[in-house]
Amino acid sequence: MATDGSQPKNKAIIIIAVVSIATLVVMRGTLFSYFNQQMGGELREKVLEAPTLQLDKLRLQVAKNFADAPVPLAKAIEIYVARGRGGLGETVEPKQSDDNAPLIGWTQRPQSVAPAANPAEAAKP
């Protein structure tokens, strides 16, 4: 069996390694640039330059709904500004809730009924 007793060619190995790394870096930059350019073109073509037919149709429908409303939008704004939120009726006025369901069953509060917020109310029979 024959063996090669010569020294390894370190200079050739280093040159090949440097050229390989440089080639990889250049190819990565080139491919990233190419794919970004292609994706930008596709995005521009499919999203930014696409006709907005559905959006235009929706805007026309909304404008028609506002025009056909029982109270026109400008008049509703004037009424709201004049009366404030309090004049809109019981439907939208804020009120205190008596619902204890969110308080029942907590691991920190294992009672079946939540305690009253006011101690004076708790003392009432």
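The values are calculated or read from the model by the stated rules, or taken from the named source; none is laboratory data. Bear in mind the structure is a predicted one, so any value in this text is a computation, not a measurement. Positions of Cβ are backbone-derived with ideal geometry, glycine not excepted, and every protein chain shown enters the neighbour counts.
Details
- The stretch 67-84 residues that are outside any helix (DSSP H, G or I), paired with ones that are exposed (fewer than 10 other Cβ atoms within 10 Å of the Cβ) (beta carbon under 8 Å, 6 or more apart): none
- Scanning the stretch 26-57 for residues that are of a type in the set (Ser, Thr, Tyr) and loosely packed, with under 10 Cβ neighbours inside 10 Å yields a single hit, Thr52.
- Against the list (1) on the phi < 0 side of the Ramachandran plot; (2) at pLDDT below 80, the condition Val81 fails is (2).
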